[in-house]
Amino acid sequence: MKKYAYGVDLGGTTVKIGLFETSGNLVKSWEIPTRKDNGGELIIGDIADSLGQGLGDEKISMEEVEGIGIGVPGPVLDESVVNKCANLGWGVVDVAKEMAELTGMENIKVGNDANVAALGEMWQGGGKGHKNVVMVTLGTGVGGGIIVGGKIVPGAFGAGGEIGHMQVNKAETMTCGCGKKGHLEQYASASGIVRRAQELLNESDRPSMLRDAQYISAKEVFDCAKKGDDMSLEIVEFVGEKLGTALALISCVVDPEVFVIGGGVSKAGQMLIDVIQKNFAKTAFHASAGAAFELAKLGNDAGMYGAVKMVL
């Protein structure tokens, strides 16, 4: 094993790049803009140039680098080919092949960014010490990543871990961003929490601290719940029921040791963990009901850590 490896987290606005020791120590990190001109044709070259500059700054040669891992916001086949990524302007792109041609590096692995973040949390974050991990990211949407036996489960079509699109309510009339209805993302995402709050506020004249809020956000809902506001507590329970039930279904398939909860909504902390775990325990098969629940620990760096872990 060589001493260094690169982890790249490719986003629609910026690219986060980390130079790591293969032991897991982050040596340095930096960002470059994601240039999406002309269908994103500049992106891979920009990353390759930045990697070379980073090595030069540290007086490290490419021969000392074990490999390059890259997380991208789209489905990935065979740890190499991105199968369309609207956020980057890409169609089908063999990222590993193009990066290898530009850098001369053979060991290049590419994965979906949510899956890669889950791998990072397994390696050095909330799932450290475990090999069977499900990560749930609660942000604008609901994403996820599944790790079994220490390896990402991408699925046959690169859609493994898309837990936000599990149907949890057949009676839903509103449409999810994917075009279908009743998906977990419609209830447990930050936007879903706000939607539920607005529904309850409009349904009646019930008193609530939320009526005094200048701006209703998922954070505001949890903050009010922590102060004992009945309506906010009802919303938190609603979110916990949807998540707990969905994760119980997942546990029947992959039986994880631990669920790692990340994303902006996870900043609600232990209150969120407790309400998910309570509802999970009500529904889960008895053999899986003892799964642990942890908050993610790596924040926005999880993708870089996971990208490195892919190449080790």
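Nothing in this text is a laboratory measurement; each read-out follows from the coordinates by a stated rule. For clarity, every value in this text was computed on a predicted model and none was experimentally measured. Neighbour counts are summed over all protein chains in view; Cβ atoms, including those assigned to glycine, are modelled from backbone coordinates with ideal geometry.
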Checking rank on 302-308, 125-131, with mean other Cβ inside 10 Å and highest first, the result is 302-308, 125-131
Descending packing, highest mean Cβ count within 10 Å first, for 286-296, 32-42 is 286-296, 32-42
Counting DSSP beta bridges in segment 128-296, what percent are antiparallel, to the nearest 5?
55
Added length on full extension, which subtracts the Cα-Cα distance from 0.36 nm per residue, residue 300 to residue 106
67.1 nm
What ³J(HN,Hα) values, in whole Hz, does the Karplus curve 6.51 cos²θ - 1.76 cosθ + 1.60 give for segment 44-59 when θ = phi - 60°, with x put for Gly and Pro?
5, x, 4, 5, 4, 4, 5, 4, x, 5, x, 5, x, 5, 9, 6
List, in order, the whole-Hz ³J(HN,Hα) value for each residue of segment 219-234 obtained from phi through the Karplus relation with A = 6.51, B = -1.76, C = 1.60 and θ = phi - 60°; use x for Gly and Pro.
4, 4, 4, 5, 4, 5, 4, 5, 8, x, 5, 4, 5, 5, 4, 5
Would you please put 268-280, 172-184 in order of how densely packed they are, using the mean number of other Cβ atoms within 10 angstrom per residue and starting with the highest?
268-280, 172-184
Table column - 3J(HN,Hα) (Hz), segment 290-296, Karplus curve with 6.51, -1.76, 1.60, x for Gly and Pro
x, 4, 7, 10, 9, 7, 4
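I'd like to know how the chain sits against the 2.2 N^0.38 Å rule of thumb: what's its Cα Rg over that expected value?
1.05
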Treat the count of other C-beta atoms within 10 Å as a stand-in for reagent exposure and order 110, 258 from fewest to most.
258, 110
With an 8 Å Cα cut-off and a minimum separation of 6 or more residues, compute the relative contact order for segment 128-296 in percent.
24
